[in-house]
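Worksheet: the structure to be examined is printed underneath.
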Amino acid sequence: MVGNAHSFPLWDASETDAQQVLEDAFLLAVRMKHAVITPAHLFGVSLSSARVQTLFARLGISFADIRDALRRKLQTTPEGQTTFEVQAQILFVQAGAEAFAQKRPQLTALDICAVAFAREPFLQDLLAEKHVDVPAFQHACAWLAMQDQLVTRYRAFQEAAAFKPAKNMDRAMTAQATPFLDSVTEDLTRKAIFGGIGLTVERDTETTAIFRAIEGGGKSVVLVGEPGVGKMALIEGIASLMVEERVPKILQDKRLLRLDIPRIVSAQAGQGAGERMLYALNEAAHAGNVVLVLEDIHQLVGAGGQGIDLASIIASELSKGYTFALCTTTPGAYAQHLERSVLGPRLERVAVQEPVADKAMRMVEANVGFIENERGVVFTYKALDAAVRLSSKFVADSALPEKALNLLREAGVRAKARGGVPCWATHEDVAAIIEEKTHVPVSALASDETVKLLGLEEKIRERVVGQEDAVTAVSSAIRRARTSMRAQNRPIANFLFLGPTGVGKTELAKATAAVFFGDESRMIRFDMSEYQNKESVMRLIGGNGEAGLLTEAVRKSPFALLLLDELEKAHPDLLNVFLQVMDDGRLTDGLGRTVDFTNIILIATSNAGTAYIQDAIAKGTSVAVIKEGLMETELRTTYRPEFLNRFDDVIVFHPLTPEDVVAIAYLLSASIAKRLSEKGILLQVTDAAVHDLAAMGYDVKFGARPLRRVMQDKIENGLADLLLRGAVAPRDTVIVDKGVALRVEKAKAL
């Protein structure tokens, strides 16, 4: 039996745990009298491998979680003389081919486990019940393979280091010493030799473009990308390739040195920057084995002082051809400083785009090991997944993969403070950091929050009177968003609120911001009456290299309520902008940045059709019929049908009744009482006073707006007068009685 497994000819599995998996699978099948060895056999026995156990620990799954179901699956295997069936043979070939494709020298139990999972739907369903889908399993396997690759590469570099000069000499011993250059640079090739650089993945296209520019065109290169996309990680990857000598001949046996530009520019209060730069470049010229790295090269344009432009110095020296430079900058800085400078034509531009989520995940997997060593924690796979997903949605001031790695660093600190041996950092730690930073409720629903979500209508009614259709629609949208039951490529919800002034449209928006986003201040408000001309588009989204008011506000607060007041007054071109927002959930601003609107609740208010609504309500027409009439006739003169159809709901607010105004008077009285209680003073507004206030403030045309002014004139002004005269003190009670008369009941002496 063992001989059959050991002599299996498809791959040399000797001296690896893959051999043990084959033998154990064969023995398991014989013991259970199974006629064939299936993927389930191979998967099951691979779980005894230390590397596969690590995989399942990272995924948060224990063998006990799947043991019984796996046993039941195995018991369905036909009985008979045990052989390797064709399916198992194919699986083994695929595992070997995958290992070969990834340049791994040996087949491992992890490879067999991964391929068995990929070929067996039962295993996929089994792990899906534990919230691990196929992409997650594949990513986690790739992550562990990367860790093995880092260890293998480190050992290989250590061996290669024995054949490289200890300092700055090349192997031909022709290079010269560079003492000053060494003092103002970091040797990235040396850093790579000693294991200080992670794996560079998913950047083959950019790496090829860099090599093509240097080898074919003899030009230096500038990498142009937003902060955080991994420009320096790409350059460090080239340092690793230089150590392995997997680079064009022109870069072989070279040192990759990162020049400390701030040190050159700011030393000695900026005096002599040009001389220091020339001295460093002169040493590089004489050494003959130096490739320079100039990070944020736009800093050199105009720098140097006393009429000296460091960019001109660099351009002049690069034109002599004794060295190449790998530079970095941002799109904005390139357009503003480099493109038209003397240095620009000397540099081949290579764009470095922010990676999509799947590629960003692989980049994080390749580099998170450094954070684990640095923080002394172990991350679960779900922590990495949460870091990529949540930073992509809620962190706007950086790009992937850096913002995901930064989030993991903070999550590691939190996990370390929480304690535990071993110290595991989980997706809950990542979610907690996001919640602390943004006040976004991203963690799993707790039981108390579930109760709140189910009772949203009551919570909103504490602030909004009447308008049941509107309250129900908004509450339903919030529940869909919180349980992720919504389209992910559009805003959380798009609402159009229609109705006369003062009926609660803006108040409902404020209440929604307070309930869902945690604070009424998380509302971005634009009065569209200020954007009535064609130039308004540029003001809102930017242009000519400038950010826009709307795009910048959402970029800085990506999780908020966007309120567009009086939308009917906006220029028609702006409606096309909001049509794109509602459709795609994104806009590109004047700086070329994509701004994410998928975590925004968009509410537009409009007075269009107000007369129609008031007349129909007066005739007793139902809200459903009114809405149908608005959509088919009244609104067509203001909004195009395709624009109206992008709203999740068009909500009609009916005029307030006298009873509604009484209810609002109670709410406003309670609000004033709460503010006064902060001074230790009790406010009591009698029922008679509330009805008097409502009568004074009721206006069928202006809704509750007159009531607010009445409350201000009759109560707030009176309270202010009492406080200023010293007529009321802490523990006293102010009573507002019939006729809205204020009197003070003094507290008993202590």
| task | For every other residue with a beta carbon closer than 9 angstrom to the beta carbon of GLY412, add +1 if it is Lys or Arg and -1 if Asp or Glu, then tell me the sum. | result | 0
| query | Once the piece of chain linking ASP296 and ARG71 is laid out straight, how much longer is it, given 0.36 nm per residue of separation minus the C-alpha distance between them? | reply | 75.2 nm
| query | Taking the simple approach of a point 7 Å from Cα along Cα-to-Cβ for both GLU530 and THR501, what is their distance in nm? | reply | 1.8 nm
| task | Would you list the P(r) distribution for segment 19-68, with all Cα-Cα distances sorted into 10 Å bins from 0 and each bin expressed as a whole %? | result | 25, 50, 23, 2
| Expressed in nm to one decimal, what extension gain is obtained for the pair ASP584 and TYR666 from 0.36 nm per residue of sequence separation less their Cα-Cα distance? | 25.3 nm
| query | ARG263 to ASP358: extension gain in nm, 0.36 nm per residue of separation minus the Cα-Cα distance? | reply | 30.4 nm
| query | Quick one: if the Förster radius is 41 Å, what FRET efficiency do ARG709 and LYS679 give, using the C-beta to C-beta distance and rounding to 0.05? | reply | 0.95
| Near the amide H of ALA425, under 5 Å away, which other amide H atoms are found, from residues 5 or more places off or on another chain, if H is placed in the peptide plane? | VAL378, PHE379, THR380
| field | Electrostatic dipole magnitude of the chain [Cβ: Lys, Arg +1; Asp, Glu -1; Cα centre; debye, to 20] | value | 900 debye
| note | Taking Cα atoms only, Rg over Rh for segment 308-350 with Rh from the Kirkwood formula is 0.95
| task | With a 1.4 Å probe and every protein chain left in place, work out the accessible area per residue of the chain in Å², rounded to a whole number. | result | 46 Å²
| In nm, to one decimal, how far is the ASP519 label point from the ALA729 one, both placed 7 Å along Cα→Cβ? | 3.7 nm
| remark: With N residues in segment 611-750, Rg(alpha-carbon) / (2.2 N^0.38 Å) equals 1.48
| Gyration tensor (alpha-carbon) shape descriptor, segment 374-441, a/c threshold 1.5 | prolate
| Gyration tensor verdict on segment 497-550 (Cα atoms; rounded if a/c is under 1.5, prolate if a/b is larger than b/c, oblate otherwise) | oblate
| query | Given R₀ = 56 Å, FRET efficiency for GLN81-ASN489 by Cβ-Cβ distance, to 0.05? | reply | 0.55
| request: Pull up all non-local amide H partners of GLY543: gap of 5 or more, or a different chain, and H-to-H distance under 5 Å with H placed in the peptide plane. | output: GLY590
| Is the shape of segment 316-467 rounded, prolate or oblate, going by the alpha carbon gyration tensor and its root eigenvalues a ≥ b ≥ c, with a/c under 1.5 for rounded and a/b larger than b/c for prolate? | oblate
| query | Three principal axis extents, largest first, for the C-alpha atoms of segment 441-561, in Å? | reply | 50, 36, 24
| request: Pop the C-beta distance of THR657 and THR594 into the FRET formula with R0 = 60 Å and round what comes out to the nearest 0.05. | output: 0.80
| said: Tell me which of THR189, HIS571, SER392 sits at the most positive position along the dipole axis of the chain, charges placed on C-beta atoms (Lys, Arg +1; Asp, Glu -1). | reply: THR189
| said: Would you work out the Kirkwood radius for the chain? I mean one over the mean of 1/r across all pairs of different Cα atoms, in Å. | reply: 31.6 Å
| message | Going by amide H atoms built from the backbone, whose H comes under 5 Å of the H on THR83, apart from near neighbours? | response | VAL36, ILE37
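The values are calculated or read from the model by the stated rules, or taken from the named source; none is laboratory data. Because the structure is a prediction, the values reported are computed rather than measured. Because the Cβ atoms are built from the backbone with ideal geometry, glycine has one as well, and the counts that use them run over all protein chains shown. In case anyone asks, the SASA skips ligands and DNA or RNA and just uses the protein heavy atoms, side chains included. Shrake-Rupley method; radii C 1.70, N 1.55, O 1.52, S 1.80 Å.
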